[in-house]
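**Q** Sharing a structure, written as structure tokens. Questions coming.
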Amino acid sequence: MRRNLPALREAAGLTQRVLATELAELGYPLPASTVAKVENGTRRASLDDVVALAAALDVSPLRLMLPPERDDSESPKGERGPRLAVTPSESVSGHDAWSWAEQSIPWWLAEQPDPSGRRYAAWQSRRLMYREDDVDPFPHAVDADGGALRQLRAEVETLRRGDYGRVLAELREIRRDVGRALAPNRGDRHGKR
């Protein structure tokens, strides 16, 4: 959170004060001073904070909590990417953290062998099961000519492939356009984004 929140906020062109205003508009008032404390690590973010911040920044809550990219490169010790603390005494590589978040593997699998396979079988039976091709991320969206919706679906597919930089740039542009269109209706409170 300490690294991701300021990077995502700045990438969106928001100050801490404007982010606090966005949060208040979403019904989750969090003062700019509190945003600053979360960013500098003097205040822990609650789960409610993480979800509200992700909504205000138009990102997944996971994007706030995990490394910005899946790093498949190996270090000399054979570890992949930066380590993430799961508990005070346990950590995983950034790659394994994303795989865990996507429910591809349990967090412990890379570090703690399971010779009998019982622990893995138990994890497998508890994980949320779905097939990505059965999930429509916009089930209620209607687009007569398919243009805008098709473009949005293409962006979602690009995100699934991991090309975050390009998609975030395009989404920021869309957000700016929507902000300009709504500014007269919202009293132009956010004119300095």
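**Q** Could you grab me the full set of residues in segment 1-23 that are aliphatic (A, V, I, L, M), over 14 Å from Asp58 (Cβ atoms) and either at pLDDT 95 or above or surrounded by 19 or more Cβ atoms within 10 Å (Cβ to Cβ) (or both)?
**A** Across segment 1-23, the qualifying residue is only Ala20.
**Q** Which numbered condition in (1) open to solvent by 70 Å² or more (accessible area, probe 1.4 Å); (2) at pLDDT below 95 is the only one that Ser73 fails?
**A** Result: Ser73 fails condition (1) only.
**Q** Out of Glu111, Glu79, which single residue is at pLDDT below 75, in contact with a strand residue (DSSP E or B) (Cβ under 9 Å, 6 or more places away or on another chain) and surrounded by fewer than 17 Cβ atoms within 10 Å (Cβ to Cβ)?
**A** Details: Glu79 fails: surrounded by fewer than 17 Cβ atoms within 10 Å (Cβ to Cβ).
Among Glu111, Glu79, only Glu111 is at pLDDT below 75, in contact with a strand residue (DSSP E or B) (Cβ under 9 Å, 6 or more places away or on another chain) and surrounded by fewer than 17 Cβ atoms within 10 Å (Cβ to Cβ).
**Q** While we're looking at this one, here's another question. Looking at segment 94-108 only, could you name the residues that are in contact with a Phe, Trp or Tyr (Cβ under 9 Å, 6 or more places away or on another chain), assigned to a loop (DSSP other than H, G, I, E, B) and open to solvent by 50 Å² or more (accessible area, probe 1.4 Å)?
**A** Correct list: Ser104 only.
**Q** For segment 30-64, give me each residue that is among the β-branched types (Val, Ile, Thr) and in a helix (DSSP H, G or I).
**A** Matches in segment 30-64: Thr34, Val35, Val38, Val50, Val51.
The values are calculated or read from the model by the stated rules, or taken from the named source; none is laboratory data. Quick caveat: nothing in here was measured; it's all calculated off a predicted structure. Every residue, glycine among them, receives a Cβ derived from its backbone with ideal geometry; neighbour counts consider all protein chains shown. Calculation scope for accessible area: heavy atoms of the full protein, side chains included, ligands and nucleic acids excluded. Shrake-Rupley method; radii C 1.70, N 1.55, O 1.52, S 1.80 Å.
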